[in-house]
Each structure stands twice: as C-alpha cells, then as structure tokens.
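Here's the structure we're looking at; comments come further down.
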Amino acid sequence: MEQPSASPGPRTAEEPMAFTRGELARGVMAACVAFGLATPVVAIIVLLAFDSTYATFSLYLVATGWLIGIVPTTTLAGFAFAPLARLVGRRLTREKRRWPHVLSHAALGAAAAVVMGALVGLLIGATSWRGDALQGATLGFSAGALASPLAAAAAAYGWWFTARRAFADDRAAAE
C-alpha cells in the first residue's frame, strides 16, 4: 500500500489516517463478512480433521449454528463495537505507520469475540431449562476465546481492506 496523499479525502498531512463514517461502516461490514464466512469454514475443517464419522451431521450442525448463531451475533457485534472502532481510529489518525492500526483493530476484534461469547452464553444459560446463567456465560466465554483469533484476523482485515480502498480512492480523485 502506498502512503496517503494530500487529496480531496479526509486525510491531511496532519492526520494522514483520518477516515469518514462511510469508511468506518465499510470496515465494520468487511470485518463482519470476513468473520461470518471464515467461521463455518474453520469449524468444518476442525470437525472433519478430528472425526469424519458423522460428517453429514457435523455439516448440518455447523450450517444451523452459523445461521442462528454466528450471523446474528456478528451483526449485533458490528453495531455494538463500531463506536469503539471509531474511537480507536480517531485516536490513531496522526499515526502514519499501519501496524498500530492493524494491531489495535485486531485486539478490538478479539475482545469483541470474548465479550459477545460471554453475553450469548449468559443469555442462553439464563433462558435454559436449568437457568444456570453462570455456566452458560463460562461456556460462551470459552467459545468466544476460541473464536477470538479468527475475530482478530477479521477485524484487522476489515481495517486493511478499507484503508487500501480509501487510499486508492484518494489517488484516483487526485488524478
């Protein structure tokens, strides 16, 4: 990726990594789509690597879990954590180097996975027939912790994809 130019976009010499609300929305959507698509692929690979005896049933469970669990939770997390992503981005607008942006958004993605996992587990535990919210939260926290590397990679990808596109748009507008 080339360095940002002094162009018609929000980026200036003082704030070379400034961004618009549209770019924030693009980054959040890219991260959510990346996580939503990568999660079932990784789950299928892991399931088939350890036990292919019940492959059809495993694929059914992954597809069902994806539709009723991952997609809505990822969408909710995108809306819930977008203000934090905006805050992180605003704090880094003067930072030209890309690695602090990538790492900070990856950390936010990992934290979002753990928090959302615990919240979903708490909700499921509280509404289950046993009513054991703490056990549900513990299980959800564990699931979120397992998903956190994938969420970190998806959030970093969302930032990278959006920054690359924004800089390309700036260069095109400057020409």
Ranking 121, 135, 104 by how far each Cα lies towards the positive end of the charge dipole of region 77-175 (+1 on Lys and Arg Cβ, -1 on Asp and Glu Cβ), the top one is 104
The percentage of the accessible area of the chain (probe 1.4 Å, all protein chains present) made up of carbon and sulfur atoms, to the nearest whole number, is 71 percent
Over region 1-148, with neighbouring protein chains present, the accessible area per residue in Å² at probe 1.4 Å is 62 Å²
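To the nearest 0.05, what FRET efficiency results for residue 46 and residue 68 with a Förster distance of 22 Å applied to their C-beta separation?
Details: r = 19 Å, r/R0 = 0.89.
So, using R0 = 22 Å, E works out to roughly 0.70.
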Rg (one decimal) and Dmax (whole number) from the Cα set of the chain, in Å, equal 18.8, 64
A chain fully extended from residue 56 to residue 97 at 0.36 nm per residue, minus the present Cα-Cα distance, gains in nm 10.1 nm
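Determine, for each peptide in 91-101, 107-117, the mean count of other beta carbons within 10 angstrom over its residues, then list the peptides with the highest first.
Values: 91-101: 13.6, 107-117: 21.7.
With the highest mean Cβ count within 10 Å placed first, the list reads 107-117, 91-101.
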Among region 82-101, those whose backbone N falls under 12 Å of a label point 7 Å along Cα→Cβ from residue 14 are 94
Here the relative contact order (percent) of the chain, from C-alpha pairs under 8 Å and at least 6 apart, is 33 percent
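The values are calculated or read from the model by the stated rules, or taken from the named source; none is laboratory data. Keep in mind that this is a model prediction, so the values were computed, not measured. All Cβ positions, glycine included, derive from the backbone under ideal geometry; neighbour counts span all protein chains shown. Ligands, DNA and RNA are stripped out before the accessible areas are found, and what is left, the full protein with its side chains, is counted by its heavy atoms. Shrake-Rupley method; radii C 1.70, N 1.55, O 1.52, S 1.80 Å.
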